[in-house]
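The values are calculated or read from the model by the stated rules, or taken from the named source; none is laboratory data. Only a predicted model underlies this, so the values are computations on that prediction, with no experimental measurement involved. When we count neighbours, we look across all protein chains shown, and the Cβ atoms used for this are built from the backbone with ideal geometry, even at glycine.
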């Protein structure tokens, strides 16, 4: 049987990975500029972590998690998202008591979904979290940070939607309003919505069933039932976004797919990727740390799906800088190859951030020059019998009409450094 990849778990090939590296580097530079530090987390957690944090009555927990029993009979789950793991790490490592943390993490996540463009069973996220910050100023900064990302990369087919889910207390009142409303139209609800009506009616607002959209649109709006503190928090957030010139729309049906959110929620959405329009999503989760056994700690964050981010960057005409060799070392003959191996290491020692590719696998002088040209290197260094005898090397420009010159072996690094600076 021919080996094959698991459905929905894709290889990222060499001609694609350059774009990934470029965007990941851009993201790392962005969060560094805002004072966030990296945390690295395990792929596996105890299943209970996600049941308690994400919520029992969510598609992720009910249908999508990769869960199994290990040899000790413990129920483990491949992480379907990062926030719960960030909070768990903060609690277990004592990072949250009387402290504030601004951290980021990235890596693969796993959900058993129907694979389609922009939605995979193994996908990658870049996740940014601020823990210990209660005010709307940090909500605004996280949104402004993502706006800067789009501007930096020239991504313009994207817009911001915001909403407030209020406090846990105000949602009790709102929940009853939803129960009353959806009970009145119960005969029009789909099977999932009927089940959620008794367990978590807010989840009905997140329904993706097109036949449910009219019913959902007519439901009571959370913004009409906010407690005073949440209303003030949301108003101040809007004032700050307005002052920063951030354009947004208020989407009263934006509830996010995870139970731990409260107050501010937001999504950056695009029309460039078909049905998978949400590219970066986030919000506030002030109760999650306490729910998982820590002390009450306000928190807010966002997550970006890297596959959709890459697709959006390309849909908006973005191109990553091409990674090519700066120098290609041609060596003709066994003795020349032995010297070229040593020379390549010497040049790498002396030239920072210069990509040097050594011809491997032999070949004639003509075939090696063809490989040098195909590598898109700027210069070829040519080493043969005559150059070995003279302790010199040929320096041939490959991207200009300049003539080949002979350079003393002792000065080749300095000659390359001077030329590559320009």
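Key figures
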| read-out | value |
| --- | --- |
| Any hit, the stretch 120-128, residues being part of a helix (DSSP H, G or I) and buried (at least 20 other Cβ atoms within 10 Å of the Cβ) | no |
| In the stretch 19-50, the residues that are over 15 Å from the mean Cα position of the chain (by Cα) and over 23 Å from residue 148 (Cβ atoms) | 42, 43, 44, 45, 46, 47, 48, 49, 50 |
| Residues of the stretch 201-217 that turn out to be surrounded by fewer than 17 Cβ atoms within 10 Å (Cβ to Cβ) and in contact with a helix residue (DSSP H, G or I) (Cβ under 8 Å, 6 or more places away or on another chain), as a count | 2 |
| Filter pass, residue 421 being exposed (fewer than 11 other Cβ atoms within 10 Å of the Cβ), within 14 Å of residue 327 (Cα to Cα) and out of contact with any strand residue (DSSP E or B) (no Cβ under 7 Å at 6 or more places or on another chain) | yes |
| Qualifying residue in the stretch 372-387 (condition: surrounded by 18 or more Cβ atoms within 10 Å (Cβ to Cβ) and either assigned by TED's automatic domain parsing to the domain that holds residue 274 or assigned to a helix (DSSP H, G or I) (or both)) | yes |
| Checklist (1) surrounded by 13 or more Cβ atoms within 10 Å (Cβ to Cβ); (2) at pLDDT below 95; (3) outside any loop (DSSP other than H, G, I, E, B) applied to residue 68, failing item | (1) |
| Residues located in the stretch 348-365, provided they are touching a residue at least 60 places away in the same chain (Cβ under 8 Å) and in contact with a strand residue (DSSP E or B) (Cβ under 8 Å, 6 or more places away or on another chain) | 354 |
| Criterion: assigned by TED's automatic domain parsing to the domain that holds residue 295, free of Cβ contacts under 8 Å to residues at least 40 places away in the same chain and surrounded by fewer than 17 Cβ atoms within 10 Å (Cβ to Cβ) - qualifying residue of 151, 176 | 151 |
| Among (1) more than 21 Å from residue 55 (Cα to Cα); (2) under 31 Å from the mean Cα position of the chain (by Cα); (3) crowded, with 17+ Cβ neighbours inside 10 Å; (4) modelled with pLDDT under 85, the one test that residue 189 misses | (2) |
| The stretch 223-243, subset surrounded by 15 or more Cβ atoms within 10 Å (Cβ to Cβ) and out of contact with any strand residue (DSSP E or B) (no Cβ under 7 Å at 6 or more places or on another chain), residue nearest to residue 136 (Cα to Cα) | 236 |
| All positions within the stretch 40-63 that are buried (at least 16 other Cβ atoms within 10 Å of the Cβ), free of Cβ contacts under 8 Å to residues at least 60 places away in the same chain and outside any strand (DSSP E or B) | 47, 50, 51, 61 |
| Failed condition for residue 85, given (1) free of Cβ contacts under 8 Å to residues at least 60 places away in the same chain; (2) within 24 Å of residue 279 (Cβ to Cβ); (3) in a loop (DSSP other than H, G, I, E, B) | (3) |
| Options 206, 229; residue that is at pLDDT 85 or above and under 27 Å from residue 291 (Cβ atoms) | 229 |
